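Provided herewith is a single structure, encoded as structure tokens, for subsequent inquiry.
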Amino acid sequence: MKDLQPPVYTGLEQPGRGSLILKFNEHIKFDSDDFAACGGFEISGIEQADQTSLLLALNGDDLPGEELTLEGRVRDDTGNELWFLLPFYSVNINPAQLILSEFITEHSSSRYEKAEIVVLREGNLGGITVYNGAAGDHKSCLRFQDQEVEQGEYLIVHFRSDGLAGETDEYGEDRILAGNSATAPNAIADVRDFWTEGDQGLSDTNGALSIYASPAPGAEILDAVLYSNRSYEEGQDYGSFGTSYTQRVMNELAGAGAWVYSGDQIIPEDCLRSEDSTSTRSICRDLEFNDTNGKNDWHIVPTSCSSFGHENCQDVYEP
């Protein structure tokens, strides 16, 4: 029987900035004229990497983490064709090392949900992505643009906005575009403020925050924190996390090694306990930024001791 099925695209690899490997499920053929670049780059060469893969050489003025698009056509040995339009992200060759340092999950009229991220090693933010949830399941996210940052800088990510003009992502040299002005009352002075896109707010007591190296599938998880006030009960739906969405998020992060758990599967008791956290009692790491991917890295500070944009408070809330 004649083969009538076109080739199937199965994924890509980026060995480094300026190269791209496209993978297919069978032997493919191509014509260079059938490929076109969309965005800040050009295709300088295409060759067969192996029978089922193509190696593309790229050049251009694309920025670290910039979303780009490749258009192309391949065919199999019997002439069946596959046209594709493929989005991907340029490689950030010098990514900053980031860690979640402090966050609040509840909001009030004067304090909104936000997270503090500390730069542990200088580098570029381009493409690094913060999720309210995980890459595979999330309510909102922030993909950082090209920006060099220094060791010790604080980055504040806001998960709720008022739609005000002053709620401006602070790129470039000016770190007070939002500042403490009346047009952005929840911004933090003298540090970089950013706002996520998507649903407003965080889950008050049962959720997760995560940082990935890029929004590309399979990207490395740089940091995560999982929190819950729930209790595990044998036979309860969704692993006692309350919803299938929350269970999927917890499983994705724990399954990838971004959070430790004690049994065969993650349960609420493995997570940071969030019941004493409020809009005025933030959740903090210690000053050493210990990161064992577990709940013991974190503590809840006393009322009014939040320290966004500054050294974390080491005092622990006592009910």
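We did not get these values from a lab; they are worked out from the coordinates using the rules stated. Remember, it's a predicted structure, so these values are computed and weren't measured experimentally. Cβ sites come from the backbone with ideal geometry, for glycine too, and all protein chains shown count toward neighbours.
Using C-alpha positions alone, give me the convex hull volume of the range 138-280 per residue in cubic angstrom.
136
Mind checking the full-extension length gain between Asp34 and Thr243? Use 0.36 nm per residue of separation minus the Cα-Cα distance, one decimal, nm.
Once the chain is fully extended between Asp34 and Thr243, it gains 70.6 nm.
Sum -39500 (n - 2.57) across every DSSP H segment of at least 4 residues in the chain, then divide by the residue count to get the 222 nm mean residue ellipticity, nearest 500.
-1000 deg cm²/dmol
Between Ser109 and Lys2, with labels modelled 7 Å along Cα→Cβ, what's the label distance in nm to one decimal, could you check?
Calculated label separation equals 7.5 nm.
Let me check I've understood the local charge: for Gly152, count other residues with C-beta under 12 angstrom from its C-beta, Lys and Arg +1, Asp and Glu -1. What total comes out?
Once positives and negatives cancel, what remains is -3.
Order of 26-39, 137-150 by packing, highest average Cβ count within 10 Å first?
Put in order of decreasing packing, that is 137-150, 26-39.
How high is the relative contact order of the chain, in percent, with contacts defined as C-alpha pairs under 8 Å that are six or more residues apart?
Reported relative contact order: 13 percent.
Helix 244-255 against the longest principal axis of the chain: what's the angle in degrees, Cα atoms only, rounded to the nearest 10?
The two axes meet at around 80 degrees.
Calculate the radius of gyration of the Cα atoms of the range 9-89 to one decimal place, then report Dmax, the largest Cα-Cα distance, as a whole number, both in Å.
12.1, 39
Still on this model: Only residues of the range 84-116 count here: report those whose backbone N is under 17 Å from the spot 7 Å along Cα→Cβ of Gln200, or say none.
Only 105-114 fall inside the zone, counting backbone N under 17 Å.
Taking the Cα centre of the range 9-89 as origin, sum charge times position over the Cβ atoms of Lys and Arg (+1) and Asp and Glu (-1), and report the length of that vector in debye to the nearest 20.
My answer is approximately 140 debye.
May I pose another question? Which of the following values of Cα Rg over 2.2 N^0.38 Å was calculated from the structure shown: (1) 1.01; (2) 0.92; (3) 1.14?
(3)
Which Cys residues of the chain have no other Cys Cβ less than 4.7 Å away and so no disulfide-compatible partner by this rule?
Cys38, Cys141, Cys271, Cys284, each lacking another Cys Cβ under 4.7 Å.
Further question on the same structure: What full-extension length gain, to one decimal in nm, is calculated for Glu47 and Glu67 as 0.36 nm per residue of separation minus the Cα-Cα distance?
Length gained, Glu47 through Glu67: 4.9 nm.
Could I ask something else about it? Once you charge only the Cβ atoms, +1 for Lys and Arg and -1 for Asp and Glu, what is the size of the charge dipole of the chain about its Cα centre, to the nearest 20 debye?
Charge dipole, the chain, about its Cα centre: 400 debye, nearest 20.
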